[in-house]
Structures are given as C-alpha cells and as structure tokens.
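The values are calculated or read from the model by the stated rules, or taken from the named source; none is laboratory data. Keep in mind the model is a prediction, meaning the values are calculated, not measured. Glycine gets a Cβ as well: all are built from the backbone with ideal geometry, and neighbour counts include every protein chain shown. These accessible areas exclude ligands, DNA and RNA; they are computed on the full protein's heavy atoms, side chains included. Shrake-Rupley method; radii C 1.70, N 1.55, O 1.52, S 1.80 Å.
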There are 2 protein chains.
Amino acid sequence: MKPDQEHIDRWLEARKNQRAQRNESNLLSGLVSGSRAALGQAITLIESSNPADQEIAQQLLRNLPAPTQVAKRIGITGVPGVGKSTFIENFGLQLVEKGYKVAVLAIDPSSSRTGGSILGDKTRMERLSQELNVFIRPSAAGRTLGGVAKHTREAIALCEAAGYDIILVETVGVGQSETLVYGMVDFFLLLMLTGAGDELQGIKRGIMELADTIIINKADGPNEAAAKAARSEYAGALHVFSQRPDQWQPRVLCTSGLTGLGLTELWSQIEAFFVHMQFNGALQQKRKEQELHLFEQLLSDVLQQQFFADSNKKSAFIQLKEAIARGELLAYEAISAILQKY
Amino acid sequence: MKPDQEHIDRWLEARKNQRAQRNESNLLSGLVSGSRAALGQAITLIESSNPADQEIAQQLLRNLPAPTQVAKRIGITGVPGVGKSTFIENFGLQLVEKGYKVAVLAIDPSSSRTGGSILGDKTRMERLSQELNVFIRPSAAGRTLGGVAKHTREAIALCEAAGYDIILVETVGVGQSETLVYGMVDFFLLLMLTGAGDELQGIKRGIMELADTIIINKADGPNEAAAKAARSEYAGALHVFSQRPDQWQPRVLCTSGLTGLGLTELWSQIEAFFVHMQFNGALQQKRKEQELHLFEQLLSDVLQQQFFADSNKKSAFIQLKEAIARGELLAYEAISAILQKY
C-alpha cells in the first residue's frame, strides 16, 4: 500500500499548493483592484500564526507589485489623552477631501486586544471609517515587539500595493512603540499638550528629538493662549538641536480637533518635508537604512526566539534576571552562567 | 604508559590551577591594596582573548570585594574638538585636590588603536597622569561594541574594588558609544560648544535628552559671551523636556579649561545629583536596570556571535544586507531567505 499512500500524499500536497496559489492570486487581484475586504483579509493572513496562512501571506508579499508612486508613511505618537483619535479623524477627513486614499494602522504592543479593537477603532473614528477611500486597521497583534513591528511593516506594504497614498501609523505612545514606529515611517509626528506637567512624563526621553514636526494639540478655547506659548517654547527647544544630517528643520504647530486649526498648515509642512527629502535623496536613503536596521533586528529576534523555544534555557534566563533584579548577580556573571550551562 | 600519562596530565592541570589561583589572588590583593600596576594588569586580563587569561579574569571578578562606598560613575561625551581631554584633566585635578581617587576610562569602539593609545592618553592628560591618586586607562579594546561595553563595565568594577571614588568614562562622541556609556554610568555629562553650527552635527539625536548636565565648553575670551547666550538657549530647551521619572532637573553650565570657570559649580551639581538620586532610591534602581538591560544585550550578542561563527551564515547575511542596501530586497524577504536556508 505504500506507493498508493505516497500517491495520495502527493496529490493532497499538490491540491494544497493549488489552493494556496488560487487563494494568493485571488487576494492579490482583489488587493490591487482596491478591495478593502481583500486588504483586510491579507493583513489577517500576515498576522496569523497558522503555517498554511503564513505560506500564503509570504507568497503574497513576494508577489506584490511595486507601488506606482511613493506613498507617504506618517507616524503619529503622543501619550494617551493627547487626542490622537480625534486628530487622526479630522486630519484623515481633510486628506480624503483632497482626493487621497488614506490607510490608518495602529500599533499597541502592550495591548491584549484582538478582535474587539476593530469595533473600538472604527467607533473612535466613526466619520473617517465611513469614507470609501479610507482603510482603518486596529492594533497589530503579536506576542513580541519584533512581531508587531514585522506585521505592521507588512501591512504598510499591503496598503501601498492596494493604492493607498498616505499611511498613518499610530502608536499608543508608551513603552517602545514610538521608536518602532519611527523606524518604519518617513515622517514622524509628535502630539503634545500644553502645560509641561504630568502629561509629558509618559513621553520617552529622546523622542522629541526624533520628531519631524511637533504639534500642540487641543489648542482651542481657554487653552489657545497657553498652546501658543508652548509652541514658541518648543520651537526654541527644537532650534537648539536643529542641525540634522538630512537638513530638515522641524517645526511646532498648534492644532485643534474642535476648530480644525492647524491641519492645513500641517499638511503643507508634510508636503514640504517630502519635497525636501526626495529632492536631496534623503528619503530613499532613510528607507534603505530602515530596512537594513529591521533586517538586523529581525535576525536578532529570530535567534532569541530559537533560544527561548527551549524551556530550560528560558527558565534559566528568567531566574538569572530575577537574581539581577534583586541585586545578587551582575550581568556578566549571569551571562557566564548561561554560557557555561549551554 | 596510559596511567602515567593520566597522572602527568592531572598533575599539569593541578599546577595550572594552582598558578591561576596564585595569579588571581596576587592580583586581587594587589588590587585591593591600591596598586595601580595590579589594576592595570587586571584590566589587561579582562581584555585578553586568551582563554587562560579569561579564566583568571572571571575568577578575579567573581572574588572582588564589595566596594566600601558607592563610587560615582560619570560618563563624559561630546564630539571631537569639544575639548574633552583638557576638560577631564582640569576636572580630574580638582577632584584629586579634594582628596578623591579618580579613574579615567575611555571608550572608542571605532578606534583600532591598541598599545599606542596608552602613551596617547597619558600624553594628552599629562598633569593628571602624574598624580598618585589617578588611574588613566586608554580606550577599551574589543572587536564588537558589546565586547567593548563588557570590558568597560568590568574595568569599572575593578576600579571600584581598587578604591577609586570617581570613575570618569569618556567616549569619542560618535556612533553608538554615547548610548553605551549612558547605559553604564550614574551621571551623564554632555560637552558642547557655542555656535549651533557644524560641531553639533556629530551629536546623535536623542543624546541631549539623556544628559544629566550639559556643559558649554571653551567659554573663555571672545567666546564667553556666545557661550553664555548658548547656555540660556539650552537651558530653555532642557526646560521643555524637564519632566523626568527620577525628578532630576538637568542644568547647563559654562566651563573653560583655560580659566577653570564652572568646574566648582559642576562638582556641586554632581554632588547634588547623587544626593537626590540616593535619597529617592533612583540610583540603585538605575543601576539594577542597567544590569538587566546589559544582560539582555549580552545574551543577544552571544547568540549573534554564535550565528556569525558559521562562515556560511555570515556570508549569506552580508550578501542579503548588500541586496537590501541596493534596494533589491526587503528586510522580511531577507529574513525568510535566512530562515529557509538554516
């Protein structure tokens, strides 16, 4: 019976491949023709941990046509409460009015939300989500920060193949998500509030210097005067570390979701940025460097995953970390312990 | 003859161990009694790639007595030309006058200097190097950034065991050395020059926000007025991102190696910093976090070293990187290529 079984196995394998190819080519044509459903399915596939799904997803990514034009990848960060959702809704609606196709992706590595957030994200950007030329996708899922980053990068590639001109990538603005997003966008926008008080504590040090534009949000009503004062204060601060290798001079703007203040000015800034970065070749350079950096990071992630896949190694690592946290062990002692054991 | 051979082998092994122990205990007693020669030898051992030396070095590190008091670990960074050597010489001499024992370590991962730099570092800090209570050690050697970091951390531990109260860790201020040093010191000092011009371009973005104090150096003669203006400008900038979790408020000072301006004020700042950080428990917390972070980094380094030890893997990695740099490949394509192959 062995030859028969082999025959059946081969046939099953061939049918599986055919199906995968059909799935992949259906998805690809749907994606390229601009179907939001196809785009959504494709992103679900790249986020799936099922090997068969991953097979199709990777095939799809390899076959993506090069985008006909350079999409603008815009990262948006700011602590919770700064008004990111309202800002993105208003800003997105303005972009749609100008005739752009806008995709909104979100990163929240700390979140354990999964399906529920689809509703969440669509609810918090209700008007924007009803637009035909808008695709909104909630927080990328993933157990590791590297995994989340990978999924979001791939989602960006999918959105671009689907003809979206502007990709807004939002972070929750805590932990390491800002630097993650900074590493995958062209333009990095930092939203802040007036009153350099408690709200600012959540912003990781060094993030301000990464921003290509800073926004003082909620600059309306009784807040407006304080926002303008903060604007000049931040502008002064930016001036101090102004000398960037790419020669871009970041600016500070006041915006308001209520009055629409500053959104037109912001878009002019972003357009000027892209003209500047494309003119001096810095944009292409930046994207290549991001890819190189990502590659190194992915390799490091993979190696760590392989290490931690061994539960003995993992528990040894955790125990050593705890000993370090208690002050009983120094890092180099812990690493020699690991090296001696494995 | 086999038993005899075994006997000889065992005897040789025992003698080797005895020698290593004698070496280690000689070094240790020399170190603890404050011998600069012993300290220098011990650092040479930790930097050695010879397994026998490493054996002694690791044994020595494990047996180091806990320092009787908390030494102040101070990182000093700034672009080439900012006057770090002169600054460290003057600052160091002031500390010696106050009765402190001062160690100066340097990190320069980009450098290929080895033995020659001993002369170089001692020449550029001639007066300081003649002081009895001063130990100056040139750039840590090492092929990888992680290796350099490890050696410097270990050198800090050795200096502390040898009774040095203040450890100055200098970087060349380019590339990644600033963040390395930031990750191993308590207090991080950034030296700058007036005229926010070309000199500033070398400072990595985000570094300013890491500084615990910023110094405008060479504030003398015709430069003094400009330095004072820069001082208020930077102070304004620091004020903007002032809210640190550890509640420390960084300041900006003007200093001059020629006139000695600002050095007393700087030391008051540093003392205030340590009082502040020890009072609220932040110093201990910071050191533990540094150790935890270092441990993760060391593990990642080790895993990468193991990967790159295979020359096939290494050349595949380099080829893929080149393809990414040419824009022919995306990072996730490159990583799947590696995963499929290995």
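Tabulated data
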item	result
Using a 7 Å Cα-to-Cβ projection, A:Phe274 label spacings across copies, nm, ascending	5.4
Position A:Asn63, label points 7 Å along Cα→Cβ, spacing to each other copy in nm (shortest first, one decimal)	6.7
Positions from the range B:221-242 whose accessible area shrinks by 10 Å² or more when the full protein complex is built, not the chain alone, probe 1.4 Å	B:Glu233, B:Tyr234, B:Ala237, B:His239, B:Val240, B:Phe241
Extension gain, B:Glu322 back to B:Asp4 (0.36 nm per residue minus Cα-Cα distance, nm)	108.8 nm
For A:Thr259, label point 7 Å along C-beta direction: distances to other copies, nm	4.7
Violating pairs (Cα-Cα greater than 25 angstrom) within the set A:Lys72/A:Lys150; A:Lys72/A:Lys288; A:Lys288/B:Lys84; A:Lys98/A:Lys288	A:Lys288/B:Lys84; A:Lys98/A:Lys288
Dipole magnitude of the protein assembly as shown, debye to nearest 20 (Cβ charges: Lys/Arg +1, Asp/Glu -1, about Cα centre)	640 debye
Solvent-accessible area buried by A and B, counting both chains, probe 1.4 angstrom, square angstrom	5400 Å²
Partner chain coverage, peptide B:288-298 - average Cβ within 10 angstrom	6
Carbon plus sulfur fraction of accessible area for the protein assembly as shown, probe 1.4 Å, in percent	53 percent
Angle in degrees between helix A:2-32 and the longest Cα principal axis of chain A, rounded to the nearest 10	20 degrees
Probe 1.4 Å, protein heavy atoms only - accessible area per residue of the range A:5-62 in square angstrom	62 Å²
D_trans [Stokes-Einstein, Kirkwood Rh over alpha-carbon pairs] for the range A:229-342, 10 °C, 1.306 mPa s, µm² s⁻¹	83 µm²/s
Protection proxy ranking, peptides A:290-303, A:179-192, average beta carbon neighbours within 10 Å, highest first	A:179-192, A:290-303
Test item: A:325-331 mean partner chain Cβ contacts at 10 Å	5
Cα Rg, Dmax (largest Cα-Cα span) when computed across the protein assembly as shown, Å	28.4, 97
